[in-house]
Amino acid sequence: MKTVSSIVENYIKTKPFLLNALSLGIINLTSLSRNIMTELENEFGKEVKQGAVVMSLKRLTEELDFKLNHKINKVIKNIGEITVRSELTDYTFAASETVLNKQADLISDINALSDIFYTSSRGVNETNIVVSSSVNHLVEKHFMREKLIQKLDNLASITVKLPKENIVVPGIYYFIFQRLAWEGIIINEVISTSNEFTILVGEDQVDVAFKVIKDLKN
């Protein structure tokens, strides 16, 4: 059964930036309720009292305040080491029966080199490889017969170590990526393990992205 509260909550959840603004307490609830009345009434199928919408928004704001400002902030404040690497290249190849063998050959070559960045991930249809630009020639030698879907140069990586609690608190990645989106940061790739994640951004945006993540701890 639809209620005013459930309709308001579902509406707000489809608006990520509005959701965060509510959690920060920077929106006038009366003005917001007035602006969304028509959409809510269309969803509800009948007239909705503005006072009921305001009360639903207030209750939702209080819940968000607890979830974000207490649980998430506790994890964010304990972000560990932040590591930046520059001069990276991101390759995307179509998945094939031979691509794993090519990766093994590439790893064999770069293992003998010092201070080389390498990471890879495999999806259903694509294989992604990120390397220091200094070994691009090795990637292109080993993968010359593979189908190249995309190549991005002049990238930098930011690796963030998260506290172990990150795996039991929902919304950590959303909270961080939303802050990056607010600053207009374009994230080319996201690579993660249980307690750390790496983002790839353009070298022209790495300073801003680093500052955004670092400031989350303050």
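If you run the Gaussian network model on the chain, springs between alpha carbon atoms under 10 Å, then out of 110, 79, 158 the most flexible one is 110. For the chain, the pair-distance distribution built from all alpha carbon pairs, in bins 5 Å wide starting at 0, is 1, 6, 13, 13, 13, 12, 10, 9, 8, 6, 4, 3, 1, 0, 0 percent.
Considering every Cα-Cα pair within segment 76-132, what fraction, in whole percent, is farther apart than 16 Å? Above the 16 Å cut-off, segment 76-132 has 53 percent of its Cα pairs. On a per residue basis, the chain carries 57 Å² of accessible surface, using protein heavy atoms and a 1.4 Å probe. Between the beta carbons of residue 14 and residue 181, assuming R0 = 22 Å, the FRET efficiency works out to 0.85 to the nearest 0.05. Amide H contacts for residue 117 (H built 1.01 Å from N in the peptide plane; partners 5 or more residues away or on another chain; cut-off under 5 Å): 132.
Residues whose amide H falls under 5 Å from that of residue 126, counting only those 5 or more places apart or on a different chain, are 95, with hydrogens built in the peptide plane. Within the chain, the whole DSSP H helices whose Cα atoms reach 15 Å or more along their own axis and whose mean Kyte-Doolittle score is at least -0.5 are 29-44, 50-66, 99-110, 172-182.
Under the convention that each Lys and Arg Cβ holds +1 and each Asp and Glu Cβ holds -1, the size of the dipole of the chain around its Cα centre is about 900 debye. Over 31 Å apart at the Cα level, from the set 141/164; 13/211; 13/46; 102/211, are 141/164; 102/211.
Exposure check, 1.4 Å probe, all protein chains in place: residue 88 carries approximately 0 Å² of accessible surface. In the structure shown, the pairs 2/58; 71/161; 58/214 are assessed against 23 Å; a Cα-Cα span above that value is assigned to 58/214.
Computing FRET efficiency as 1/(1 + (r/R0)^6) for residue 115 and residue 147, where r is the C-beta to C-beta distance and R0 is 22 Å, gives about 0.15.
Distances between every pair of Cα atoms in segment 2-66, grouped in 5 Å steps from 0 to the bin holding the largest one, split as 3, 19, 34, 28, 12, 4, 0 percent. On the accessible surface of the chain, probed at 1.4 Å, how many percent belong to carbon and sulfur atoms? Percent of accessible area from carbon and sulfur atoms in the chain: 52.
What is the calculated FRET efficiency for residue 215 to residue 136, with r their C-beta to C-beta distance and R₀ = 41 Å, to the nearest 0.05? For residue 215 and residue 136, the calculated efficiency is 0.80. Note on residue 49: aspartates and glutamates with a C-alpha under 19 Å away, same-chain residues under 8 apart excluded, are 9, 39, 41.
The values are calculated or read from the model by the stated rules, or taken from the named source; none is laboratory data. This one's a predicted model, so the numbers in the text were calculated from it and none came from an experiment. Reconstructed Cβ throughout: ideal geometry from the backbone, glycine too, with neighbour counts over all protein chains shown. To get the accessible areas, we keep the full protein, side chains included, count just its heavy atoms, and leave off ligands, DNA and RNA. Shrake-Rupley method; radii C 1.70, N 1.55, O 1.52, S 1.80 Å.
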